[in-house]
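The values are calculated or read from the model by the stated rules, or taken from the named source; none is laboratory data. For clarity, every value in this text was computed on a predicted model and none was experimentally measured. Note: ideal-geometry Cβ built from the backbone for every residue, glycine included; neighbour counts use all protein chains shown. Ligands, DNA and RNA are excluded from the accessible area calculation, which covers all protein heavy atoms including side chains. Shrake-Rupley method; radii C 1.70, N 1.55, O 1.52, S 1.80 Å.
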Amino acid sequence: MPEGSPLRLALFASGRGSNAMAILSAVKSGRLSRIAPALLVCDRENAPVLEKARDAGLPAIFLNPKSFPSKDDYEKGILAHLREKKVEALALAGYMRLVGPVLIGAFPDRIVNIHPSLLPAFPGLHAQRQALDYGVRVTGVTVHFVDLQMDHGPVILQKTVPVFPDDTEEILVERLLPVEHEAYVEALDALSAGRLRISGRRVLWNPD
Ligand code: GAR
């Protein structure tokens, strides 16, 4: 993978799309020179990310999970589009749906996710609110390879962010977002350079 043509990446998103846009900007600026965004897949019809991606020149599709008889069928439907675009890896960027065996099986060790906490703390929805409710003084972001569990799998990198006593959820979200964007670009650059290898639960950087 490190040699030759850029890694054909599909972005998966469900909402606002700031991480997806940060990745597209990094490709455009040359910072992610080994990534070729091929497609954006969205599971929500009115998600702002669809229009944002199209405006940035990336083909973007909405596939409705409810119009497929099962989760496997839904993922097979997605897979057909990914194959057509010759996608080699997936980046979940605010994709609020558990990835199942069909996609995991089709892209072994080739699916990454970003989550706004220091996993394994606060997986799932509203990670920032969970961190505030718990009373932690430090939280952060995690980029990790995806397995069948939610917000789970070998950690590629983490970055920390302080939490202050008078923070609101909105303030913490705003503090975390630019750190998410930076972390995702750094992780994808390493992935596309072939600098990551999974060894058990660990991710080795520059293994050779
Ligand atoms: C981001 O904070 C991302 O880390 C989070 O959803 C948000 C999407 O924002 N993902 C998860 O919570 C995954 N469990 P965005 O649409 O602006 O990128």
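The table for this structure:
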{"item": "Alpha-carbon centroid distance for the pair segment 157-193 / segment 75-147, whole angstrom", "result": "14"}
{"item": "P(r), alpha carbons of segment 49-106 - 10 Å bins starting at zero, rounded %", "result": "19, 56, 24, 1"}
{"item": "Pairwise FRET efficiency - ASP55 versus GLU182, Cβ, R0 = 25 Å, nearest 0.05", "result": "0.65"}
{"item": "Ellipticity estimate at 222 nm from DSSP helix runs (n ≥ 4, -39,500 (n - 2.57)) divided over the chain, nearest 500", "result": "-10500 deg cm²/dmol"}
{"item": "Shape parameters for segment 149-207, alpha-carbon atoms, Rg then Dmax in Å", "result": "14.4, 42"}
{"item": "Segment 113-206 - percent of accessible surface contributed by carbon and sulfur, probe 1.4 Å", "result": "55"}
{"item": "Ratio Rg/Rh, restricted to segment 75-147 and using Cα atoms, in which Rh is the Kirkwood radius", "result": "1.08"}
{"item": "Accessible surface of segment 17-112 [probe 1.4 Å, protein heavy atoms]: carbon and sulfur percent", "result": "50"}
{"item": "Convex hull per residue volume in Å³, alpha carbons only, for segment 1-122", "result": "120"}
{"item": "Value of Rg/Rh across segment 6-71 [Cα atoms, Kirkwood radius]", "result": "1.02"}
{"item": "Residue-count net charge about LYS159 - beta-carbon cut-off 10 Å; Lys, Arg +1, Asp, Glu -1", "result": "-3"}
{"item": "Overall dimensions of the chain by Cα: Rg and Dmax, Å", "result": "16.5, 50"}
{"item": "In segment 50-173, lysine pairs with alpha-carbon atoms under 27 angstrom apart (chain gap of 8 or more, or interchain)", "result": "13"}
{"item": "Accessible surface, per residue, of segment 1-46 when the full set of protein chains is kept, probe 1.4 Å, Å²", "result": "45"}
